[in-house]
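First comes the structure, then the notes that go with it.
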Amino acid sequence: MNEHFLRHESGRLVVRLTRFLGTHHLPLIEDVVQDTLLKAWEVWRFRGIPSNPSAWLLQVARNKALDALRRLKREQPLSSEHLERHATEECERDVSEYNEQQLLLADDVLRMMFVCCHPSLPQESQIALILKYLCGFSVQEIARAFLTTETNIEKRLYRARQIFRKQHIPFEVPIQHALLERFSQVLLAIYLLFNEGYKSNQPNEVIRQELMHEALRLGVLLAEQHQTRQPEVFALLALMCFQAARTHARLTETGALCLLPDQDRRLWNSPLIEIGKTYLNKAATGSHLSRYHLEAGISWEHTRASTYKETNWYKILQYYDALEAIAPSPTASLNRLIALSEVEGPHAALEAFNHLPRQDALSTHHLYFSIRAYLFSEAGERKNALLAWEQALKKAPSEAERLLIQHKINSLI
């Protein structure tokens, strides 16, 4: 059973059920979708995948939703028969029956993303909702993406569900000006979805191609819609293409993560790089400079270099400095230290390391200790490097990263 298919179908089912149950029933919808996917897993293993798996999933989800409505009968002012008829009609509606504004975003998941970014919801809750209900992220994965605790994410999700329940936020695409107001949050969700695929926190799967593919699919959909065809979309697509192009060079034969300096660049996907270049050129319009422009520029400098040594680190450092000015983040600050080390030397980078913001949050992440270890190694401080690598090993989330870190440790012993 294809994981990408089930993840995509999960988001679509959430949308279909939300369409007739309403956004105030998101917890119930989540239960129905999980039950449906579990039943598919159990049934399809023995009977095989049906000829139309999407229709099978929708039928099962609809039946389970109707059962849930019957259980809620006493709480509803309408009759059970009316509810069931309404649910059946809504589940079978074709996209063509939606008004013109709905058709501007014909993809179910993309439409629901804009619904989740309703201005009544706190921004951090908007992204958590999208990642949880539409992208299939666990609370742990969302917490790691935001460098926060699982408890905080649970609180954000709870607040969002409460707002949906109390305000009965409608399932509809906002008009043009409101759609653009929610645009940046939708882009951020797609960006985080791709990042989890590019470097996953799953223990046995550091690269999750189905997540990268889904992020690219959603980005292309935005680029194809007149209302959302913005330079930031092209910049994000360029970034994702450049990053995804390295996929086949990012693991060694033993399954260890392979860092950029050691990658065989002949394994990079040249056609995908060319597509990324096309998007990067399209992004160079307008006057607004977004984080995606700068990150795409950084990725392009890595991609265009024939070897790691030929990388234009001065330009990359400039991009990171600009990124810190317009969209500061702890992760970007960490990665900037690599460029700073290449330009000004490892001791300058170590000094900057000691003044990083949000070190309390960063120190829970293996990347914090990995970069510290790298800088100590470059500075010739073997003992400090070994200590930092050992700390990174304890926090590495995946086997591929543990194998890489263990190799670094072995080289210092």
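Quick note: the coordinates plus some simple rules give every number you see, no bench work behind them. Fair warning: this is a prediction, and the values are worked out from it, not measured in the lab. Because the Cβ atoms are built from the backbone with ideal geometry, glycine has one as well, and the counts that use them run over all protein chains shown.
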Applying a 10 Å radius around every beta-carbon, put 358-367, 193-202 in order of their mean neighbour count, most first. 193-202, 358-367
Which value does Rg/Rh take for segment 99-197 over its C-alpha atoms, Rh per Kirkwood? 0.96
What is the packing order of peptides 257-265, 225-233, 17-25, taking the mean over residues of other C-beta atoms within 10 Å and listing the highest first? 17-25, 225-233, 257-265
Using a Gaussian network model of the chain with C-alpha springs under 10 Å, which one of 220, 206, 33 is most mobile by mean-square fluctuation? 220
Quick one: pull the percentage of alpha-carbon pairs in the chain with a separation above 28 Å. 53 percent
Which residue fluctuates the most in the chain, going by a Gaussian network model with Cα springs under 10 Å, if the choices are 402, 70, 47? 47
Using the Kirkwood radius over C-alpha pairs as Rh, can you work out the diffusion coefficient of segment 207-326 via Stokes-Einstein at 25 °C, viscosity 0.890 mPa s, in µm² per second? 163 µm²/s
Which distance in Å, rounded to a whole number, links the C-alpha centroids of segment 179-217 and segment 340-413? 26 Å
With each run of n ≥ 4 DSSP H residues scored as -39500 (n - 2.57), what mean residue ellipticity at 222 nm is computed for the chain after dividing by its residue count and rounding to the nearest 500 deg cm²/dmol? -21500 deg cm²/dmol
Count charges around residue 186 for me, please; just the other residues with Cβ under 11 Å from its Cβ, Lys/Arg as +1, Asp/Glu as -1. 0
Net charge within 10 Å of residue 198 by Cβ-Cβ distance, Lys/Arg positive one each and Asp/Glu negative one each, not counting residue 198 itself? +3
In a Gaussian network model over the chain where Cα atoms closer than 10 Å are linked, find which of 325, 284, 339 has the largest mean-square fluctuation. 325
Want the number for residue 5 to residue 120: 0.36 nm per residue separation, take away the alpha-carbon distance, what's left? 38.2 nm
Positive-end residue, the chain charge dipole about Cα centroid, Cβ charges, pick of 163, 283, 376: 163
